[in-house]
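The values are calculated or read from the model by the stated rules, or taken from the named source; none is laboratory data. Fair warning: this is a prediction, and the values are worked out from it, not measured in the lab. So basically every Cβ, Gly included, is an ideal-geometry build from the backbone, and we count neighbours across all protein chains shown.
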Amino acid sequence: MNYIYFFIITFDFFKVMFEVWISLWPLFLAAVLWQLILRIPELFLNYRAKKSGVTDTDHMSGREFEIYLKNLFEKAGCKVRLLQGFKDHGADLIVTDKRNKRYAVQAKKLKSGRVGAKVIGEPLRGMKYYKCDVAMIVTNQNFTKQAKEEAKIANVVLWNREELIKISEKLKNKR
């Protein structure tokens, strides 16, 4: 007799759950679609990064990333001096643009995550040491909110992944 009650209770439970699912499936579907819509910009950026070659930087060493940036700036028509990897006084590259404006560039290659505010002083030190006009940090990822705020106050130019993609796309279209 107990088995019959167990069966009836179990059947009623699944019947109720099915009725709940039937009544709520539009909400579940809407939630899934909303999550997909929110991911569209990220998916599009990843597509552009792969097409432009910027995703290759994710697998580079720090020095390889510096060489990548050297080649990128040279393709853009700049003169570039790649500094030694140690005791660089806060700059990895000295870039001179077509208007003879000199940039002390600090390269920050990350596997993932964001570049924090503590590095903002590095290119400023390099700018003074190498007598440059502009301090700049370039990363293959992104910057924290605090890093962006401090860079704005200190007049440090920041290039993140999206900026690298734009430059790479522009240079590919220029060919």
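Data for the structure
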read-out: Hey, residue 53 under 18 Å from residue 124 (Cα atoms) and either surrounded by 15 or more Cβ atoms within 10 Å (Cβ to Cβ) or not assigned by TED's automatic domain parsing to the domain that holds residue 142 (or both) or not; value: no
read-out: In segment 20-47, residue farthest from residue 159 (Cα to Cα) [restricted to those that are of a type outside the set (A, V, I, L, M, F, W, C) and out of contact with any Ser or Thr (no Cβ under 9 Å at 6 or more places or on another chain)]; value: 23
read-out: Hey, residue 18 more than 16 Å from the chain's Cα centre (by Cα), over 22 Å from residue 106 (Cα atoms) and surrounded by 10 or more Cβ atoms within 10 Å (Cβ to Cβ) or not; value: yes
read-out: Qualifying position, being touching a strand residue (DSSP E or B) at 6+ places or on another chain (Cβ under 8 Å) and of a type in the set (Val, Ile, Thr), among 67, 37; value: 67
read-out: Pairs, first over 17 Å from residue 166 (Cβ atoms) in segment 58-73, second charged (D, E, K, R) and surrounded by fewer than 13 Cβ atoms within 10 Å (Cβ to Cβ), C-beta under 8 Å, six or more apart; value: 58/111
read-out: Checking residue 99 against (1) under 19 Å from residue 167 (Cα atoms); (2) in contact (Cβ under 8 Å) with a residue 12 or more places away in the chain; (3) in the same structural domain as residue 151 (by TED's automatic domain parsing); (4) basic (Lys, Arg), the condition it does not meet; value: (2)
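To keep it simple, each residue is scored yes or no on (1) of a type in the set (Ser, Thr, Tyr); (2) under 22 Å from residue 53 (Cβ atoms); (3) without any contact (Cβ under 8 Å) to a residue 40 or more places away in the chain; (4) touching a Ser or Thr at 6+ places or on another chain (Cβ under 8 Å).
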residue	(1), (2), (3), (4)
84	no, no, yes, no
93	no, yes, yes, no
109	no, yes, no, yes
147	no, no, yes, no
150	no, no, yes, no
173	no, yes, yes, no
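Table: residues versus (1) in contact (Cβ under 8 Å) with a residue 40 or more places away in the chain; (2) outside the structural domain of residue 167 (by TED's automatic domain parsing); (3) closer than 15 Å to residue 139 by Cβ; (4) aliphatic (A, V, I, L, M).
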{"residue": "36", "(1), (2), (3), (4)": "no, yes, no, yes"}
{"residue": "43", "(1), (2), (3), (4)": "no, yes, no, yes"}
{"residue": "89", "(1), (2), (3), (4)": "yes, no, no, no"}
{"residue": "114", "(1), (2), (3), (4)": "no, no, yes, no"}
